[in-house]
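Report on the following structure.
The values are calculated or read from the model by the stated rules, or taken from the named source; none is laboratory data. Every value quoted in this text rests on a predicted model; they were computed, and no experiment measured them. Please note: Cβ atoms are built from the backbone with ideal geometry, for glycine as well, and neighbour counts cover all protein chains shown. The accessibility values were calculated without ligands, DNA or RNA, using every heavy atom of the protein model including side chains. Shrake-Rupley method; radii C 1.70, N 1.55, O 1.52, S 1.80 Å.
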Amino acid sequence: MTALQLNAELYRAMGKIADDETLMKKVLKYVKRLATKKEDPTLMTKEEFFKRIDESRAQYERGEYTRINSEAELKAFLNSF
């Protein structure tokens, strides 16, 4: 299905429930949740997550890390971004 066909199908389905406020609230809540997921750049799959963990471990083993020994160093490190 093309995006145009999907839009038409969505509007047809919405037309059938448009007069039911409870159903429309449920649809709106679900659509907002979907939109939030799409917009969130921090979301990742399990595979992506574990790949990043593996990459971080490899960096650590190569000595590519920053040692932080105090709260002041931590604040300075976090403020550097």
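Are any of the residues in the range 45-58 at pLDDT below 90 and at negative phi? Yes - at least one qualifying residue is present in the range 45-58.
Do we have any residue at all in the range 48-57 that's out of contact with any Asp or Glu (no Cβ under 7 Å at 6 or more places or on another chain), small (Gly, Ala, Ser) and surrounded by 10 or more Cβ atoms within 10 Å (Cβ to Cβ)? Looking through the range 48-57, at least one residue is out of contact with any Asp or Glu (no Cβ under 7 Å at 6 or more places or on another chain), small (Gly, Ala, Ser) and surrounded by 10 or more Cβ atoms within 10 Å (Cβ to Cβ).
Candidates in the range 23-47 are the residues that are open to solvent by less than 90 Å² (accessible area, probe 1.4 Å) and among the polar types (S, T, N, Q); of these, the one that is nearest to the chain's Cα centre (by Cα) is Thr36.
For the range 58-71, how many residues meet the condition of being loosely packed, with under 10 Cβ neighbours inside 10 Å, in contact with a helix residue (DSSP H, G or I) (Cβ under 9 Å, 6 or more places away or on another chain) and not charged (D, E, K, R)? Within the range 58-71, residues that are loosely packed, with under 10 Cβ neighbours inside 10 Å, in contact with a helix residue (DSSP H, G or I) (Cβ under 9 Å, 6 or more places away or on another chain) and not charged (D, E, K, R) number 1.
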